[in-house]
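Since the structure comes first, as structure tokens, the remarks are kept for the end.
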Amino acid sequence: MRVKDENKEQSIRQKALKMIVKEGFDGFSMQKLAKAADISPATIYIYFKDREDLILQIFLSETGKMSTATLKGFDPNMAFSEGLKIQWMNRAKYCMKHPLEVEFLEKMRHSHLYQKSLNLMGDDFRNIMKEFVHNAIDRNELVKVPLEVYWSVAFAPLYNLVKFHMLGTSVGGHKFSLNNEVMENTLELVLKALKP
């Protein structure tokens, strides 16, 4: 049995992530990955059971990194406005620093593997977010709405701003660059919308 090489495993993961972002899941195969990574297909199977295992492992790793970045300086007992601001800043910073990884996560969200990937994730991040929301509702800082409505109002505006920033243009092709002033103005509107 060959010994696993951590650097080689990371290299395989990174190549796979880039290929999936560029070609999508349909264009991704272990054969293509082996060729792109200049290794034999057998080498990939030292680290991953199959194509699905590789994709799910990348998802779990990247989700973990984004969750850790999102929670930096955050506490679920914070006032809602402060906690949401920290999350916005952390999420925006992470997305702009790791565009490839974020695009991979977005592709996963729209793939047939998404439900399976969610089932593999631990509940730590979700529990922290749930506690934050329940604390805010209990303190009458946040209106009680279904999760999908909350997420759409609380975070979709941020992710749209980040997308505009990545493209360098906004609606109608206007030049756009995300800055703190734009983010804070948008966050202010979001907080008004979510107040009871």
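Worth a mention:
- From the list V182, V143, the one residue that fits, being modelled with pLDDT of 95 or more, surrounded by 11 or more Cβ atoms within 10 Å (Cβ to Cβ), not small (G, A, S) and not in a helix (DSSP H, G or I), is V143.
- Among the helices (runs of 4 or more DSSP H) confined to region 1-51, the ones with at least 2 residues that are under 22 Å from the mean Cα position of the chain (by Cα) and not assigned by TED's automatic domain parsing to the domain that holds Y114 are located at 6-23.
- The listed residue being surrounded by 13 or more Cβ atoms within 10 Å (Cβ to Cβ) and modelled with pLDDT under 95, out of L113, L84, L17, L54: L113
- Those residues of region 146-178 which are β-branched (V, I, T) and in a helix (DSSP H, G or I), in sequence order: V149, V153, V162, V171
- Pairs where the first residue, in region 134-148, is more than 10 Å from P196 (Cα to Cα) and the second is hydrophobic (A, V, I, L, M, F, W, C) and surrounded by 13 or more Cβ atoms within 10 Å (Cβ to Cβ), C-beta under 7 Å, 6+ apart: A136/F80; A136/L142
The values are calculated or read from the model by the stated rules, or taken from the named source; none is laboratory data. No experiment lies behind these values; they were computed from the predicted model shown. Note: ideal-geometry Cβ built from the backbone for every residue, glycine included; neighbour counts use all protein chains shown.
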